[in-house]
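Worksheet: the structure to be examined is printed underneath.
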Amino acid sequence: MGTDNKKIITMSFVAAGALTAFVVSLLMDVAASAFGVVARMQDVQVFRHGLPVALGLLVFGLLQFRPVVNIWADEVVSEIRKVVWPSRKDTMGMTMVVCVLVVMSGVVVFGFDWVAAFVIEKIVQ
């Protein structure tokens, strides 16, 4: 495992732990608005702030210190380094094609909708 890969992997695991803490905190807020028991538990600062932080640290620890996960993450980073990204010119060209096709499909859907509305209006009258 390269040093560069190790730094990327560790930062990814830190981000996963932080995201876990954030999501747990949001879920606790939502649960507190729905359940009185959770709302009372959130009055305790250790529960309100400690649980998300503890779960975030747990996720980081489980990811960082398991050799199988580290091997998998190293392989992922190595494969991503091999990706050849398109040039700016190619990206702009493909974006224009997508935009044109979206507009064309929107016109077609509008046409079908307009014809269907016209036919339904004539049937209803």
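Since every read-out is calculated from the coordinates, none of them should be taken as a lab result. All figures in this text were calculated on a predicted structure; none of them were measured in a lab. Backbone-built Cβ (ideal geometry, glycine too); neighbour counts: all protein chains shown.
Listed here are the residues, each with its yes/no results for (1) without any contact (Cβ under 8 Å) to a residue 40 or more places away in the chain; (2) closer than 30 Å to ASN5 by Cα; (3) exposed (fewer than 11 other Cβ atoms within 10 Å of the Cβ).
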site: PHE35; (1), (2), (3): yes, no, no
site: VAL38; (1), (2), (3): yes, no, no
site: MET41; (1), (2), (3): yes, no, no
site: VAL46; (1), (2), (3): yes, no, yes
site: GLY56; (1), (2), (3): yes, yes, no
site: ASP74; (1), (2), (3): no, yes, no
Quiz prompt | Output for the stretch 81-93, where each listed residue is surrounded by 10 or more Cβ atoms within 10 Å (Cβ to Cβ) and within 24 Å of the chain's Cα centre (by Cα) | solution = ARG81, PRO86, THR91
